[in-house]
Amino acid sequence: MYLIGLTGGIASGKSTVAKMLADLGAVIIDADQLAREVVQPGTPGLAAIAAEFGGDILLADGTLNRPALGAIIFSDPIRRTLLNNITHPAVRQLSRDQIAAAAAADPSAIVVYDVPLLAEAVAGGLVSFDLVVVVQADADTRIQRMMELRGLTRAEATHRITAQASDAERLALADVVIDNTGTVDATLAQVNALWERVRSAEAARLP
Ligand code: ATP
């Protein structure tokens, strides 16, 4: 098993690159998806959130009222930390389980963990990555894509970028940088080259 950590700022193109890698044969584990799974009805995560934030945070059908929770933590950093202290360990555990399951299913699998908060995953003691790939696009391009493709205003898009870790913080962790400022084809060429490199590295390790 060869484990790639894939990260990048908001709207940098992480999902686009993950999809390209999936098409080439990688197993993708998506941290955003895991973050939704750990707060499904019946999970210890959702029970802990209800205990911390009150039963009002649940909708009538027992699911999490995300907008209400979002409104609370947006304006209250202490409660945001409380929430993260519930969800982040649960996501870490689930990611470890899924990575182990992928390796058990196919010992030569190339697994991509798509994780916006990669620095936190590393600090939290996730299994170590064989390679960290950072998807990069300049801020103007990302703002433009958020405005055109997601209907955000310039101010909203800019705020989302500044609320995150900086490019420099992410790049400090990078073994490989994929530049997604250009066309999708230009990105695909970089992803194909990355795939060849990773396949060779994985093949060299097999007995
Ligand atoms: P988020 O951080 O919000 O999860 P992301 O980093 O996964 O975003 P994507 O969803 O892959 O980013 O890309 C953001 C938007 O830009 C998408 O609508 C995508 O289709 C588009 N996009 C990605 N790469 C390119 C490109 N090279 N040229 C044009 N559009 C692109």
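General observations
- With Cα atoms, 0 to 90° folded angle of helix 184-205 axis to the chain main axis: 70
- Kirkwood hydrodynamic radius of the stretch 35-107, from inverse mean 1/r over distinct Cα pairs, in Å: 13.2
- CD proxy at 222 nm, helix term only [per DSSP H run n ≥ 4: -39500 (n - 2.57); per residue of the chain; nearest 500]: -18000 deg cm²/dmol
- Farthest toward the positive end of the dipole of the stretch 94-207, out of 198, 186, 135, is the Cα of 135, where the dipole comes from beta carbon charges about the Cα centre.
- Contact order relative to length of the stretch 61-207, as percent, for alpha carbon pairs under 8 angstrom and 6 or more apart: 22
- For the chain, the longest principal axis of the C-alpha atoms and the axis of helix 14-24 are separated by about 50°.
- Over all distinct Cα-Cα pairs of the chain, the Kirkwood formula returns a hydrodynamic radius of 18.5 Å.
Coordinate-derived values only; no laboratory data. Note that the structure is predicted; figures quoted are calculated from it, not measured. Because the Cβ atoms are built from the backbone with ideal geometry, glycine has one as well, and the counts that use them run over all protein chains shown.
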